[in-house]
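Asks: One structure, as structure tokens, below. Some questions next.
Coordinate-derived values only; no laboratory data. As the structure is a prediction and not an experimental result, all values here were calculated from the model. Cβ placement follows ideal geometry from the backbone for every residue including glycine, while neighbour counts extend to all protein chains displayed.
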Amino acid sequence: MKQSSRNYTKIAVLGLLVYLIPGTALAQADQAQESHFQQMFSVAAPDIIVPTVVEIPLANLSAKRTQFLVVDATTQTYQASSFIQQFETEPIKIGINVNGAPRSRLTDADQKTSETFPLPEGGTGLVEFFITGEEAFAASSLVIDLAQNVALPVSIEVTAQVDGEAVTVLAKNKPNSTQVRFPQVTAAEWFVAMEYIQPLRINELRFVQDNIQTDTSNSLRFLAQPETDYQVYFDPELYVSLETAEAGNLATEQDLLVLDEVPEVVANPAFAFADSDSDTIADQVDNCVSIVNTDQTDINNNGRGDVCV
């Protein structure tokens, strides 16, 4: 990987969004934690003689979850890291209401917060999200960031208000992943309905805004040690709760070593979908997340496993 010791210079941007993601500089790496992340890349030992904060340029991450796990390949310990994203075109801010009440936790860019929608006594829940942008934006997919131990809703429907008319963007459909795709639509007002047969808990609900996908600059910073390689894992299936320690100051640009080459991203061979009850059925599609039911028996065909009472 090429590198330079030039001072870091900010490019002219309309918006700058910085996520600080503390890691554990001393915590022992756990293969079970690494298996939650879908993608990874390697960072060869930089040419340094003292511990130095390095910044690594990253490719487009518009549809990815930007939580990172940096592992020292020598000591197998976690390192604190900071993800930085710069926008030339600032994303349109959105607000989400349910039954007239704002649900700000769904748009706070904080994977540690969530909104919970309990299962009603009738057995099937319905939640309707009214989503409003400060102005119209183009989108062709919606990302549902589920909390841990939660299954996908059994159906989702997306409607947009276009030129004063309600337009069906996605007819009622059973989702098979947390990213729901549809033909590109430009609108400021959206309506998303989800049916669920197990308690639903969502960390974030966000559109992938197509007009900013190519206008972003992404990078990752961490404190590198001399003669040390690193493995970096990212894009977890769900937010991963990691033990954290006090992180160093990764915000300063003084003595920052900026690497020039974008690393090659590969699929994490250790990745495995979360399976809370260890019945070999991934939580996202398990019709009973909390109780073992490998056969997924559902006699009345309501989408809820018979053992899940």
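Asks: Divide by every residue of the chain the summed helix terms, -39500 (n - 2.57) for each DSSP H run of at least 4, and state the resulting mean residue ellipticity at 222 nm, rounded to the nearest 500 deg cm²/dmol.
Replies: After summing the helix terms and dividing by residue count, I get 0 deg cm²/dmol.
Asks: For region 274-286, take each phi angle, set θ = phi - 60°, evaluate the Karplus expression 6.51 cos²θ - 1.76 cosθ + 1.60, and give the result in whole Hz per residue in order, putting x for glycine and proline.
Replies: 4, 9, 4, 9, 6, 9, 6, 9, 4, 3, 4, 10, 6
Asks: Are any of the pairs LYS93/LYS174; LYS64/LYS112; LYS64/LYS93 more than 24 Å apart by Cα-Cα distance, and if so, which?
Replies: In this structure, LYS93/LYS174 lie more than 24 Å apart at Cα.
Asks: Now for a different question. Tell me the label only: which of [x] 29, 59, 12, 0; [y] 30, 54, 16, 0; [z] 31, 60, 8 is P(r) over Cα pairs in 20 Å bins from 0, in percent as calculated from this structure?
Replies: Matching the structure shown: [y].
Asks: Whose amide H sits under 5 Å from the amide H of ARG206, counting only residues 5 or more places off or on another chain, with H placed in the peptide plane?
Replies: VAL143, ASP145
Asks: Still on this structure: Taking a label point 7 Å from the Cα of THR178 along the Cα→Cβ vector, which residues of region 59-102 have an amide N closer than 15 Å to it?
Replies: Within reach of a label on THR178, which here means backbone N under 15 Å from a point 7 Å along Cα→Cβ, region 59-102 contributes 62-69.
Asks: Can you compute 3J(HN,Hα) from phi for each residue in region 70-79, using the Karplus curve 6.51 cos²θ - 1.76 cosθ + 1.60 with θ = phi - 60°, rounded to whole Hz and x for Gly and Pro?
Replies: Rounded to whole hertz, the list is 9, 10, 5, 5, 8, 9, 6, 10, 7, 10.
Asks: What's the longest piece of the chain with no exposed trypsin sites (Lys or Arg not before Pro), counting a site as exposed if DSSP puts it in a loop and it has at most 14 other beta carbons within 10 Å?
Replies: 113-309
Asks: Now for a different question. Please check the chain for the longest run free of GluC sites (Glu not before Pro) that are loop-located per DSSP (anything but H, G, I, E, B) and have at most 12 other Cβ atoms within 10 Å.
Replies: With a cap of 12 other Cβ atoms within 10 Å, the longest stretch comes to 1-120.
Asks: Now for a separate question. Would you kindly derive the ³J(HN,Hα) couplings of region 96-110 from the backbone phi angles with the Karplus curve 6.51 cos²θ - 1.76 cosθ + 1.60 (θ = phi - 60°), listing them in order in whole Hz, with x for Gly and Pro?
Replies: For region 96-110, the Karplus curve yields 10, 10, 10, 6, x, 9, x, 10, 5, 5, 7, 10, 8, 6, 10 Hz.
Asks: By the scheme Lys and Arg +1, Asp and Glu -1, what is the net charge of all other residues having a beta-carbon under 10 Å from that of GLY133?
Replies: Taking every Cβ under 10 Å from that of GLY133, the sum is -2.
Asks: Could you calculate the FRET efficiency of ALA166 with PHE87 from 1/(1 + (r/R0)^6), where r is the beta carbon distance between them and R0 is 35 Å, rounded to 0.05?
Replies: 0.70
Asks: What's the center-to-center distance, using Cα atoms, between region 243-309 and region 165-200 in Å?
Replies: Their Cα centres are 22 Å away from one another.
Asks: A further question on this structure: With a ≥ b ≥ c taken as the square roots of the eigenvalues of the C-alpha gyration tensor of region 71-183, please select rounded if a/c is under 1.5 and otherwise prolate if a/b is larger than b/c or oblate if it is not?
Replies: Taking the square roots of the gyration eigenvalues as a ≥ b ≥ c, region 71-183 is oblate.
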